[in-house]
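Only the coordinates and a few stated rules stand behind these numbers; no lab work does. Bear in mind the structure is a predicted one, so any value in this text is a computation, not a measurement. Here the Cβ is made from the backbone with ideal geometry for all residues, glycine too, and neighbour counts use every protein chain on show.
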């Protein structure tokens, strides 16, 4: 059976973490050798980069967009080399919470030109692309309210990222870029409405994923 590379994308609060855990449980339950990772932070070194990228800085200094972009790609290069490619070579299915499309959406929304990301993508990704990308889509105003409720309920046990505190206008730009990616690359990217119950979203994801699993030799009833 061939290795499969599946990425989960979407705006903040769209439910990626919940859906990844539900999907992992179902995959393992039918005998698919699956693992979960994320970006940034899918490796020990990547976790250090994640702290640098996502945590508010005591000094108040902010990364300029170009510095931030390079750190994300440094994390991605390490992740591909030490986690993603080995998993695929071992015939495993790897689910990754955010990948290249998040860079295109978030850093693109900060004004980074597509041509710049194209050049870095050629160096870091080469020909590697996800077999399928699932974009969990919902209105940013609703998704940010989910984030607010989640963070308040978690209290000190949950560390919010600085993207949680970006403006609604910024998150609207991010969503528009995800929608454009889905339209431009519809053979790879499946758009999944996320403003439903977790169970309904999961079933929609499973419906998209089932044909790919079957075509790759994985047992799906």
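A Gaussian network model of the chain, with springs between Cα atoms under 10 Å, assigns the largest mean-square fluctuation among 115, 87, 74 to 115. Taking 175, 47, 196 in turn, the Gaussian network model of the chain (Cα-Cα springs below 10 Å) assigns the largest fluctuation to 196. Sorting the Cα pairs of the range 4-215 by distance into bins of 10 Å, from 0 upward, gives 8, 34, 40, 17, 1, 0 percent per bin.
With both labels modelled 7 Å from their Cα along Cα-to-Cβ, the residue 110 to residue 89 distance reads 3.2 nm. With the helix formula -39500 (n - 2.57) applied to DSSP H stretches of n ≥ 4, the chain reaches a computed 222 nm mean residue ellipticity of -15500 deg cm²/dmol.
Simple spin-label estimate for residue 81 and residue 172 gives 4.2 nm between the two label positions (7 Å along the Cα-to-Cβ direction from each Cα). Computed from label points 7 Å out along Cα-Cβ, the spacing between residue 70 and residue 179 is 3.5 nm.
Here the relative contact order of the chain, from alpha carbon pairs under 8 Å that lie six or more residues apart, stands at 34 percent.
Compared with the dominant Cα axis of the chain, that is its longest principal axis, helix 168-184 is turned about 30°.
Identify the residues of the range 1-41 with backbone N under 18 Å of a label point that sits 7 angstrom from the Cα of residue 125 along the Cα-to-Cβ direction, or state none. Answer for the range 1-41: 4-11, 37-41. Counting only DSSP beta bridges with both residues in the chain, the antiparallel share comes to about 0 percent. Footprinting exposure proxy ranking of 79, 131, fewest other C-beta atoms within 10 angstrom first, gives 131, 79. Maximal additional length on extending the residue 153-residue 215 stretch stands at 18.1 nm, based on 0.36 nm per residue less the C-alpha distance. Per-residue Cβ neighbour counts within 10 Å put 195, 137 in the sequence 195, 137, beginning with the fewest. Evaluated at q = 0.13, 0.24, 0.26 Å⁻¹, a Debye calculation over the C-alpha positions of the range 59-148 (equal weights, vacuum) places log10 I(q)/I(0) at -0.55, -1.28, -1.35. Note on the chain: with a GNM built from Cα contacts shorter than 10 Å, the maximum mean-square fluctuation among 153, 141, 81 falls on 153.
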